[in-house]
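This report refers to the structure that appears directly beneath it.
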Amino acid sequence: MQGTTMTSMLPVREMVSFVPARDFEAAKRFYSELFELRWENKDLCQFQAGRSSFLLQNYYQRDWAENSMYQLIVDNANATWDALQSSGVLARHGNVRANPPKQESWGTVVYLWGPSGELWHVTQPNPA
């Protein structure tokens, strides 16, 4: 698409996703083991991962949650898988799960389902 975009006229500082939580406290405990909790209140909290962040919200709608997908790009998907396994985080949070690394044509991915059914694609792209 040609032309001037709004973001070229008004630079964007950051884009942040909202992640749903069926059980806000349980989801907060799970994500606190994976990411840095930056701030929180009774209905919302922010998690930081490198230069990126997301907001966990005390809101749940099943269809939305179970169709939500997020991508987390990492340097080493296999090491991420090993850390998930050795840390015990998956076992401590019974309503989460992950699949072992899968090689795709574009890179390696670990599929991680969060406590509300949201799907994280933890990806390591192939070198360019």
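The values are calculated or read from the model by the stated rules, or taken from the named source; none is laboratory data. Everything numeric here is computed off the predicted structure, so don't read it as measured data. Using ideal geometry, Cβ is built from the backbone for each residue, glycine included, and neighbour counts are taken over all protein chains shown.
Structure above, values below:
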| item | result |
| --- | --- |
| Among (1) under 28 Å from residue 125 (Cα atoms); (2) surrounded by 14 or more Cβ atoms within 10 Å (Cβ to Cβ) - the single one residue 57 does not satisfy | (1) |
| Enumeration of residues in region 38-81 that are aliphatic (A, V, I, L, M), touching a strand residue (DSSP E or B) at 6+ places or on another chain (Cβ under 6 Å) and either outside any strand (DSSP E or B) or closer than 18 Å to residue 21 by Cα (or both) | 44, 55, 56, 65, 69, 74, 77 |
| Single match in 37, 56 (criterion: touching a residue at least 12 places away in the same chain (Cβ under 8 Å) and within 27 Å of residue 13 (Cα to Cα)) | 56 |
| Count of residues meeting criterion [farther than 16 Å from residue 122 by Cβ and surrounded by 12 or more Cβ atoms within 10 Å (Cβ to Cβ)] in region 62-86 | 3 |
| Test for residue 89: is it β-branched (Val, Ile, Thr), under 17 Å from residue 114 (Cα atoms) and more than 14 Å from the chain's Cα centre (by Cα) | yes |
| Test: residue 15 is under 19 Å from residue 118 (Cβ atoms), modelled with pLDDT under 95 and not β-branched (Val, Ile, Thr) | yes |
| Matching residues in region 48-59 - criterion: being modelled with pLDDT of 95 or more and touching an Asp or Glu at 6+ places or on another chain (Cβ under 8 Å) | 48, 53, 57, 58, 59 |
| The lone exception for residue 28 - which of (1) in a helix (DSSP H, G or I); (2) surrounded by 16 or more Cβ atoms within 10 Å (Cβ to Cβ); (3) more than 14 Å from the chain's Cα centre (by Cα) it fails | (3) |
